[in-house]
Structures are given as structure tokens and as C-alpha cells.
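K.L.:
Please find one structure pasted underneath; my questions will follow.
The values are calculated or read from the model by the stated rules, or taken from the named source; none is laboratory data. It should be emphasised that the depicted structure is a prediction, and the values quoted were computed from it without experimental measurement. When we count neighbours, we look across all protein chains shown, and the Cβ atoms used for this are built from the backbone with ideal geometry, even at glycine. Remember, those area values only see protein heavy atoms, side chains included, never the ligands or the DNA or RNA. Shrake-Rupley method; radii C 1.70, N 1.55, O 1.52, S 1.80 Å.
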Amino acid sequence: MAKLGYMGLGAMGSAISRRLLSTDHELTVWNRTREKAEPLLQEGARWAESPRELAARSEIVFTMVTDTAAVKAVCEGPDGLLAGLGPGKVYVDMSTGSPVNTRALADSVAGVAAQMLDAPVSGTPPTVEQGRASLMVGGDEDAFERVRPVLEAIGPNVFHVGPSGCAVTMKIAINLSLAVQMLAFSEGVLLAEKSGIPREKAVEVMLASVIASPMVRYRGPLVLGDQDESWFDCRMMQKDMNLALELGQRLGVPLPTTAATNELLTAARAMGVGDRDFAVLFEVLASMSGLGGGVWVAG
């Protein structure tokens with residue numbers, strides 16, 4: 001049994017925390033707003049008053065926060081996570097942020113005699129709850145082997161992909177494809193619909209075809225109706241697309257479909273639906289084609 005700490009209790013962070021609570025590990029949590037932690041506290045998690053306290057009470061401490069700035073905010077300062085780390089501890093960041101910052105932070109963690117892994121998750125809250133998520137991990141192999149049993153409690157597919165920063169780079173490479181696939185799927189549905197094929201029938205046929213990737217299976221049905229909860233909203237997706245474009249420019253890798261899809265995400269935000277799941281790309285394109293279904297986009 002290990003003493004675990006988890007920081008960042010959004011939809012994904014809460015789902016992962018529940019997976020960890022289902023094991024024999026002791027789990028302590030922290031979030032900027034305690035309200036989000038209450039369901040986990042009722043299920044047996046303990047509360048820490050600060051990131052520093054969370055790290056001090058844990059052997060392995062996880063974070064999953066919004067972006068690079070949020071990672072810095074919870075790590076730095078007298079009450080930050082770094083102040084609570086020490087020899088023998090492992091810090092696992094599951095956030096998707098700048099690989100450059102990840103490597104710099106790993107150096108800071110090493111400076112207090114702890115170890116850091118970047119370990120973003122590929123999946124949605126439902127896939128995490130079902131135990132079907134995949135994790136990619138960057139950092140020291142010895143630290144990876146130590147943490148691996150805990151990671152496998154979150155999802156069965158755990159891959160060590162290289163040194164610090166490699167896993168978050170891999171996650172960016174995966175996430176750009178999610179939005180591109182959603183846009184391509186939307187184009188196909190709308191082309192079929194404007195040709196006279198009912199939208200429901202087009203979606204049914206496409207989800208039974210060779211293009212039906214796991215992402216398309218999850219989000220394809222969303223073009224037929226609204227949803228109550230956003231798994232991954234447009235603003236978060238655009239953050240990752242911009243990270244991809246920045247990385248592509250630095251490495252000399254053209255990313256034409258990423259750039260085009262990013263413009264549609266900008267349009268979604270301009271239309272006031274940036275807080276919706278990025279599947280709303282369908283409605284943006286439908287409105288542009290004169291077929292807005294009124295599912296998400298008003299007017």
C-alpha cells in the first residue's frame with residue numbers, strides 16, 4: 001500500500017482518483033475549490049490544505065491541471081508542491097502542457113532529491129471509469145518501474161516512451177488527431193446530409209465503417225443531440241492544438257490539418273460555444289454550410 005496524493009479534480013482527475021481509491025492505496029487530495037473534492041472525501045479520500053501538504057504526506061503525488069501556467073502555480077511558492085517534495089518521493093504530472101516546461105520542472109524536482117515523471121492519459125472519463133484508458137510516461141526508467149503498478153490501476157496500457165517531456169509530446173501528437181478526426185467526420189456527415197441522406201442514417205453507416213476509430217465511436221453520436229457534460233471543451237483542445245503548432249514550427253514539421261482545424265476551434269469560441277466539447281466542431285461546420293441543426297449553436 002502506497003501513500004498517494006492527487007491534485008486537480010476535474011472530470012478526468014476525479015475519475016482517476018476513484019480508480020486509485022478502488023485499490024488498497026491511501027489517497028489524499030487537494031483542489032483549488034474543496035467542493036469538487038467532497039464526493040471523493042465521502043468515498044474515503046483525505047484532504048490536504050495545500051499542495052505542499054499534499055506532497056509532504058505522499059510517496060507518489062499526481063497533478064492534472066489545466067495548462068503550463070496552472071502547473072507552475074501549484075508547484076511554485078512556499079505552499080507549492082515542490083516545497084513538500086523530498087528524497088524518495090515521485091511526482092507524476094498528468095497535465096498536458098509545454099514539453100520545455102516539463103523538462104525544466106523535472107530538473108527542479110531533481111534539485112530536491114525527488115523524481116518526476118510526465119504521464120498524461122489518453123481517454124475520456126468514461127474510459128477511465130471502465131479501466132480502459134492508456135497512459136504514456138516520460139522520465140527516469142527506475143522511477144517508472146516503481147510507479148508502474150499504481151499507473152496500471154488507472155489503465156491497463158502503460159507505455160514508457162523516453163526521457164522527461166517525451167510523454168507530454170506524445171499526448172500532444174495524439175490530441176491533434178482527435179480534433180482533426182472530428183472535423184473530417186463532420187465533413188462526411190454534412191456532405192451526405194446535403195445529398196439527401198438523413199443525418200441519423202449517415203452517422204449510423206459511418207460508425208459501422210472502417211473510419212470508426214474509438215474517438216469517432218465516442219463522439220460521432222453527439223452530432224445527433226446535445227450532451228449535459230463536456231468531456232474536453234474547445235478551449236482545452238485549442239490549447240493542445242497551439243502546443244502542437246508551436247512544436248511543429250520548432251521541429252520543422254508542417255501540420256496543415258492541425259492549422260485548419262484550429263481555425264474552426266477559433267470559430268467555435270467566436271460563436272460562443274468554446275465551453276462545449278470539441279465535438280461542437282460539427283455544428284460550426286453545419287452552420288457554415290447552411291445546415292445548422294440547432295443542437296449547440298443558436299441562430
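K.L.:
Expected output is a single nm value to one decimal: the length gained when fully extending between Asn242 and Glu204, i.e. 0.36 nm times separation in residues minus the C-alpha distance. What is it?
P.N.:
10.4 nm
K.L.:
Which residue, Thr258, Thr23, Thr102, has the most motion in a Gaussian network model of the chain that connects Cα atoms within less than 10 Å?
P.N.:
Highest fluctuation of the listed residues: Thr23.
K.L.:
Considering only the other residues whose Cβ falls under 14 Å of the Cβ of Met241, what net charge follows from Lys and Arg at +1 and Asp and Glu at -1?
P.N.:
-1
K.L.:
Further question: With a 1.4 Å probe and all protein chains left in place, how much of the accessible area of the stretch 92-196 comes from carbon and sulfur atoms, in whole percent?
P.N.:
So the carbon and sulfur contribution to the accessible surface is 53 percent.
K.L.:
Also, I was wondering about something else. What residues have an amide H closer than 5 Å to that of Arg46, excluding those fewer than 5 places away on the same chain, when H is modeled at 1.01 Å from N in the peptide plane?
P.N.:
Leu27, Thr28, Val29
K.L.:
Turning to a different aspect of this structure: Please list the non-local residues whose amide H lies under 5 Å from the amide H of Val137, H modeled 1.01 Å from N, same-chain partners needing a gap of 5 or more.
P.N.:
Residues meeting the criterion, in which the H sits 1.01 Å from N, are Phe159, His160, Val161.
K.L.:
Sticking with this one: Report the calculated FRET efficiency for Lys3 and Ser195 (r = Cβ-Cβ distance, R0 = 51 Å), to the nearest 0.05.
P.N.:
0.30
K.L.:
Among Lys171/Lys194; Lys36/Lys72; Lys3/Lys171; Lys194/Lys239, which pairs are too far apart, with a Cα-Cα distance over 25 Å?
P.N.:
Over 25 Å Cα-Cα: Lys171/Lys194; Lys3/Lys171; Lys194/Lys239.
K.L.:
When DSSP assigns beta bridges and you keep just the ones with both residues in the chain, what percent turn out antiparallel, to the nearest 5?
P.N.:
15
K.L.:
Mind checking the alpha-carbon convex hull of the stretch 1-126 and giving the volume per residue in Å³?
P.N.:
It comes to 93 Å³ per residue, whole-number rounded.
K.L.:
Follow-up question, since we're still on this one. Provide the percentage of antiparallel DSSP beta bridges, counting only those with both residues in the stretch 115-190; round to the nearest 5.
P.N.:
Approximately 45 percent, going by the DSSP bridge assignments.
K.L.:
To continue, here is another question. Using Cα atoms only, what is the angle between the long axis of helix 99-110 and the major principal axis of the chain, expressed in degrees (0 to 90) to the nearest 10?
P.N.:
Orientation of helix 99-110: about 10 degrees from the principal axis.
K.L.:
In whole Hz, with x marking every Gly and Pro, tabulate ³J(HN,Hα) for the stretch 33-47 from phi via Karplus 6.51 cos²θ - 1.76 cosθ + 1.60, θ = phi - 60°.
P.N.:
Whole-Hz 3J(HN,Hα) from phi for the stretch 33-47: 10, 5, 3, 5, 7, 3, x, 5, 5, 5, 8, x, 6, 9, 10.
K.L.:
Just report the Cα centroid separation between the stretch 202-252 and the stretch 40-103, whole Å.
P.N.:
28
K.L.:
Here's something else I'd like to know. Could you report the chain's accessible area per residue, 1.4 Å probe, as an integer in Å²?
P.N.:
44
K.L.:
For Glu187 and Leu291, compute 0.36 nm times the residue count separating them, minus their Cα-Cα distance, and round to one decimal in nm.
P.N.:
36.3 nm
K.L.:
For a label point 7 angstrom out from the Cα of Glu49 toward its Cβ, which stretches of the stretch 59-88 have the backbone nitrogen within less than 14 Å?
P.N.:
So the set is 79-80.
K.L.:
Given a Förster distance of 35 angstrom, what is the FRET efficiency for Val112 paired with Asp275, based on the Cβ-Cβ distance and rounded to 0.05?
P.N.:
Once rounded, the FRET efficiency stands at 0.40.
K.L.:
Whole-Hz Karplus ³J(HN,Hα) for the stretch 142-150, in order, using 6.51 cos²θ - 1.76 cosθ + 1.60 and θ = phi - 60°, x for Gly and Pro?
P.N.:
Coupling constants for the stretch 142-150: 5, 5, 4, 5, 5, 8, 3, x, 5 Hz.
K.L.:
Which of the three applies to the stretch 130-169, rounded, prolate or oblate, going by the alpha-carbon gyration tensor with a ≥ b ≥ c and a/c under 1.5 meaning rounded?
P.N.:
Because a/c hits 1.5 or more and a/b fails to exceed b/c, the stretch 130-169 counts as oblate.
K.L.:
Farthest toward the dipole's positive end in the chain, which of Gly80, Val121, Ser195, given Cβ charges of +1 (Lys, Arg) and -1 (Asp, Glu) about the Cα centre?
P.N.:
Going by the charge dipole, the pick is Ser195.
K.L.:
How much accessible surface does Lys89 have with a 1.4 Å probe, in Å² rounded to 10?
P.N.:
Approximately 40 Å² for this residue.
K.L.:
What's the local net charge at Arg146, with K and R +1, D and E -1, over the other residues with C-beta under 12 Å away?
P.N.:
Within the 12 Å Cβ shell, the charges total -3.
K.L.:
Give me the net charge for the shell around Pro163: Cβ to Cβ below 9 angstrom, other residues only, Lys and Arg +1, Asp and Glu -1.
P.N.:
0
K.L.:
I need the calculated FRET efficiency for the pair Ala104 and Arg250, taking r as the beta carbon distance and R₀ as 25 Å, to the nearest 0.05.
P.N.:
With a Förster radius of 25 Å, E is 0.95.
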